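Before any comments, here is the structure.
The values are calculated or read from the model by the stated rules, or taken from the named source; none is laboratory data. In this text, all values refer to a predicted model and were calculated from it rather than measured experimentally. No Cβ is skipped: glycine too gets one built from the backbone with ideal geometry, and neighbour counts run over all protein chains shown.
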Amino acid sequence: MSPASDAGALLVNNSWRSRLYGKLSLELTAARNRDEQLALLVVNLVKFRQINADFGYAVGDKVLAEVYRRIANALRESDFLYHLGNDEYAVILTQLRVPQAPELAIKKILKQIGENMAIDRQVLSVSATAGAAVFPEHASDSDELLKAANAAMLYAREQQAGYIIYDATTRTEDIRQAELKGSLRTALDSGELMLHYQPQLNLQQGILCGCEALARWQHTEMGWISPELFIGVAERASMIDSLTYWSINVALREWFQFCTTSEAASVSVNLSAQLLHSPELVPMVEHAVNIWGAKPGSLVLEVTESAMMIDPRAALRTLHQLHEMGIKLSIDDFGTGYSSLTYLKKLPVSELKIDKSFILHMAEQQQDRRIVQSVIDLAHTLDMVVVAEGIENEQILNMLVAMGCDYGQGFFIARPMPAAELHVWARSSVWDMPEEVLSKLSCEA
Ligand code: C2E
Ligand code: MG
Ligand code: MG
């Protein structure tokens, strides 16, 4: 038996989402009125790209059509099937009579898809992953239901579990992580991910000396996602290599467009702990510096103390290689980790960045002031410069100047901003700009 269809044909176009939403809303209203349950399934083919790569797009398209036919065969008249584009399908199961109905339907669908396919005289084997969410148990509207079903599908894919029914009580966080993981993959390509730049001042001269590049992700549905959250997701999804490669390249390109040449100021990029132990890191940095013709000394890589402590020997090796290339290294969030002075002495690092937790309350907390002064003295003793982060007001800025702190960044100077806004900020800023920036600004005027 074939499912009812609101369009009578395969729906593969950009309007799939609105078609699906439209139908879902109607069916949700009906289910609500009839006091019935409804389920939404999302089905995704496993490694479909490989089929395209191995057999060509013509075969790939036939596979997609055959999968559609097989899913349709597994459904009842009262169900609705949509091809969401690429290798993804959605099914609305209405008039559910038993709680096991979504699971039974999924099993049937996956079994049908999994049977060998003869296409263009070739026998292909295809498999799929599915996720399901049920109204009203897991969600009360179309948007939430689709999110939940999609999240369950992504979680199933991550767990290689075949299928998973959304379970709001036990796996919400895992599912959210899996969902983020799935969308982070596309975010890099689709431009959802960007860098914001927070200017850094030479505090003793009041002049712009560089900036820190901070990753930002505006998810189409979830809004802004904190870098601390998505960097963790990228690490667990083995995507931190590509994310960092992307950051270094974008930072060098955008910052040096702003500064005209690489002489005036440096750009700092944060390195994840995991990358310090990756053989990819050094060639990756070398490649990016070569592509953009940047002076190696104008790129600063920030590493946290705790990152180095995971495997100090390996970290030391990597840091030495970067140092030999001329890259500057900075210890981020200094004071929050456990680096010993013996270890610190061995590091080819030229900058200590005092963690903002010591700076934010310096004005009121004498102890913080003492710690900050000790870090400044320690850094200078080791021939390093000090950067203070988290300067939120003028009083703190003045204190740091008096204490001999070399560089600083914070909301009082400027918040992190997109590259395009740097020009506007530089024009109206009360701080001095290096010659290169000034000449760039006057050229643009
Ligand atoms: P971080 O490297 O220590 O970055 C400084 C953080 O302090 C940034 O938060 C910045 O927005 C914030 N900040 C700057 N000035 C002030 C201030 O005056 N007051 C307060 N309260 N905060 C201030 P953000 O952008 O949320 O980044 C958080 C952390 O995420 C970063 O800490 C860094 O560890 C990580 N991160 C950000 N971008 C990247 C990236 O591209 N790669 C990697 N691996 N990590 C990144
Ligand atoms: Mg940092
Ligand atoms: Mg920091």
Check S428, S374 and return the single one that is in the same structural domain as L319 (by TED's automatic domain parsing), at pLDDT below 95 and more than 26 Å from L299 (Cβ to Cβ).
-> S428
Can you list the strands (runs of 3 or more DSSP E) found entirely within the stretch 182-267 that contain at least 3 residues being in contact (Cβ under 8 Å) with a residue 24 or more places away in the chain?
-> 193-202, 207-219
Looking for whichever is of a type in the set (D, E), assigned by TED's automatic domain parsing to the domain that holds Q205 and touching a strand residue (DSSP E or B) at 6+ places or on another chain (Cβ under 8 Å) here; the options are E364, E435, E389. Which one fits?
-> E389
Going through the stretch 300-320 in order, the residues found to be touching a Lys or Arg at 6+ places or on another chain (Cβ under 7 Å) and free of Cβ contacts under 8 Å to residues at least 60 places away in the same chain are L316
Among the residues of the stretch 328-356, the number that are of a type in the set (K, R) and more than 16 Å from ligand 2 (Cβ to nearest atom) is 2
For the stretch 321-337, pairs from a residue that is within 13 Å of V282 (Cα to Cα) to a residue that is away from ligand 2 (no atom under 15 Å from the Cβ) and β-branched (V, I, T), with Cβ under 6 Å and 6 or more apart or across chains, are Q321/V282
Inspect all residues belonging to the stretch 176-191 and state whether any of them is within 29 Å of I413 (Cα to Cα) and out of contact with any Leu (no Cβ under 9 Å at 6 or more places or on another chain).
-> yes
Could you tell me which of the residues V430, V424 is within 34 Å of the chain's Cα centre (by Cα), more than 16 Å from ligand 2 (Cβ to nearest atom) and part of a loop (DSSP other than H, G, I, E, B)?
-> V430
Does V126 count as in a loop (DSSP other than H, G, I, E, B) and touching a residue at least 24 places away in the same chain (Cβ under 8 Å)?
-> yes
Go through the residues of the stretch 183-206 one by one and say whether even a single one is within 29 Å of P102 (Cβ to Cβ), in the same structural domain as L422 (by TED's automatic domain parsing) and at pLDDT below 85.
-> yes
When restricted to V289, V282, V303, the only residue in the same structural domain as I248 (by TED's automatic domain parsing) and within 16 Å of ligand 1 (Cβ to nearest atom) is V303
Kindly check whether there is at least one residue in the stretch 237-244 that is at pLDDT 90 or above, within 16 Å of ligand 3 (Cβ to nearest atom) and of a type in the set (A, V, I, L, M, F, W, C).
-> no
Going through the stretch 82-102 in order, the residues found to be closer than 21 Å to R34 by Cβ and not polar (S, T, N, Q) are V91, I92, L93, L96, R97, V98, P99, A101, P102
Among (1) out of contact with any Lys or Arg (no Cβ under 6 Å at 6 or more places or on another chain); (2) within 16 Å of ligand 1 (Cβ to nearest atom); (3) among the aliphatic types (A, V, I, L, M); (4) not in a helix (DSSP H, G or I) - the single one V134 does not satisfy = (2)
